[in-house]
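The values are calculated or read from the model by the stated rules, or taken from the named source; none is laboratory data. Treat the numbers as computed from the prediction; the structure is a model and nothing was measured. Here the Cβ positions follow ideal geometry from the backbone for every residue, glycine too, while neighbour counts run over all protein chains shown. Areas reflect the complete protein model, heavy atoms only, side chains present, ligands, DNA and RNA absent. Shrake-Rupley method; radii C 1.70, N 1.55, O 1.52, S 1.80 Å.
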Amino acid sequence: MADSQYDCVVIGSGPGGYVAAIRAAQLGMKTAVIEKDVIGGRCLNYACIPAKAVLRVADVLDEVRDADEFGIKVADPEVDFGAVMERRAKVVKTLTGGVAGLFKKNKIDYLEGHGALTGAGSVRVGSSKDGDEIDATKCIVLATGSIKKPIPGTKFGKRVIGTEEAWALKELPAGASGTEIASAYARLGVEVTLFEALDRVLPTEDADISKLAERGFKKQGIKVHTGTLVENVETSDTSCTFSSNGEAGEADWLVIAAGRAADVEGLGLDEAGVKTGENGLIEVDGALRTSAKGVWAIGDLVLGPALAHKASDEGIIAVEDAAGLETHPIEYVDVPRATFCNPNVASFGLTEEQAREAGHDVTIGKVQYGAVGAGTVYGDRSGLIKIVGDKRYGELLGGHIIGSKATELIQELVNVKLLEGGYPELARIIHGHPTLSEAVMEAARAADGWLIHG
């Protein structure tokens, strides 16, 4: 006999899980969220939010150092890393407290403990021996996220760490390695070496963007090694040694940021009949339904980019499907991607290479920030906006931006695509002046063959 009964039970309270729970509650479902760690999951506590809090400090430091270019004389700034970490903790506490408040507002029960499927629409909270069983009459949503993966031949421990630990260091290291982490710590005065096994940094981005990103990293003093494997890693309590391209190296910390794996251990997938693929991800359809009746899975547990905002949207789709509403599968290629290094990098859709390989009649529109007034006003003339289009119907196939506010500017391109517009329409939308968004308009004009500023 179950101890409690709910319409919807969500396992995991990260951006996928807590958004799914809130939407379920809005749809009239009695809802519970089970979390084995801390409310807000890894994104709010260890990954996305802590990372951006530290990166924002590095951005402010850049602005102070560059102040003389704007006619402001300041002394050399000093980094109080203890205070940086205190602010980081405050940001995390504020946002996780906000999630707790949203649970209370929406009458969602928050249950601490390990959640696992037991089959037949029920979930166990706690250990297999003395855990409580909960019935879910309408849906169970799996939203446990992902865990760090070591590179081949290494294991985590001592001075070999993942990104979560890198954003929570108690003091500035002398050396560290991984792109957001490298960009943040290099600007905070740390000697940083960045190793990439493939032939260019940010290898999934458009080649033109990768080239500019590497140039920006090197300007920050980051030593960049592409096409390089890190091997023979040994660690002690104070440092770690390794080899790359036959040369020995040593660092205070070796940060591995080479990928993540679905967090499914102890989730009871086999017991409940939930199928996984060869890559360890849970198999779902376009509505995020698993092979087990009444069970949905979202976020890093399923295919698609491992991004918080993708998980949130999937959570909404899953519970709306469970409630009997009409839903539509996500076009994962059109989900905006963002890297908050310096310079900012953001993109969506196909790269130029992918578009050509797919057989499109490709047109390219490229404009530097310096082509519009705001680039000079705000001190970033080197940023670049690149639009990839198909000439036949003026289709917007992809957008790629590097430079200030790239992570904000990309959304306009995503919106145009999702509203079934193309680059010719974007080229004729009036943009405010002087703004960086004017460069988006000019890139669309370049793709359409009539660039004004450039």
Pull out all pairs, ordered by first then second residue, where Cβ-Cβ is under 7 Å, the residues are six or more apart or on different chains, the first lies in region 16-44 and is within 21 Å of residue 122 (Cα to Cα) and of a type in the set (Lys, Arg), and the second is outside any helix (DSSP H, G or I) and open to solvent by 10 Å² or more (accessible area, probe 1.4 Å). 30/6; 30/7; 36/113; 36/114
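Within region 295-303, identify whether any single residue is of a type outside the set (Lys, Arg), surrounded by 22 or more Cβ atoms within 10 Å (Cβ to Cβ) and either farther than 25 Å from residue 41 by Cβ or touching a Cys at 6+ places or on another chain (Cβ under 8 Å) (or both), and answer yes or no.
Yes, region 295-303 has at least one match.
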I'm trying to understand the selection: among the residues of region 197-235, which are part of a strand (DSSP E or B) and either of a type in the set (Val, Ile, Thr) or surrounded by 21 or more Cβ atoms within 10 Å (Cβ to Cβ) (or both)? 224, 226, 230, 233, 235
Considering only residues that are assigned to a strand (DSSP E or B) and either among the hydrophobic types (A, V, I, L, M, F, W, C) or at pLDDT 95 or above (or both), look in region 113-124 and name the one that is surrounded by the most Cβ atoms within 10 Å (Cβ to Cβ). 123
Which condition breaks for residue 250 when tested against (1) modelled with pLDDT under 95; (2) under 20 Å from the mean Cα position of the chain (by Cα); (3) not polar (S, T, N, Q)? (2)
Taking residue 357 as meeting all but one of (1) surrounded by fewer than 20 Cβ atoms within 10 Å (Cβ to Cβ); (2) closer than 17 Å to residue 447 by Cβ; (3) among the acidic types (Asp, Glu), write down the number of the exception. (2)
May I ask you to verify whether residue 311 is assigned to a helix (DSSP H, G or I), open to solvent by less than 50 Å² (accessible area, probe 1.4 Å) and modelled with pLDDT of 95 or more? yes
Of all residues in region 365-392, count the ones that are among the basic types (Lys, Arg) and open to solvent by less than 80 Å² (accessible area, probe 1.4 Å). 1
Conditions (1) outside any helix (DSSP H, G or I); (2) touching a Lys or Arg at 6+ places or on another chain (Cβ under 6 Å); (3) closer than 23 Å to residue 405 by Cβ: number failed by residue 77: (2)
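Looking only at region 19-42, count every residue that is within 20 Å of residue 322 (Cα to Cα) and more than 17 Å from the chain's Cα centre (by Cα) and tell me the total.
So the count comes out to 15.
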Residues of region 314-342 satisfying the condition of being within 17 Å of residue 414 (Cα to Cα) and assigned to a helix (DSSP H, G or I): 332, 333, 334
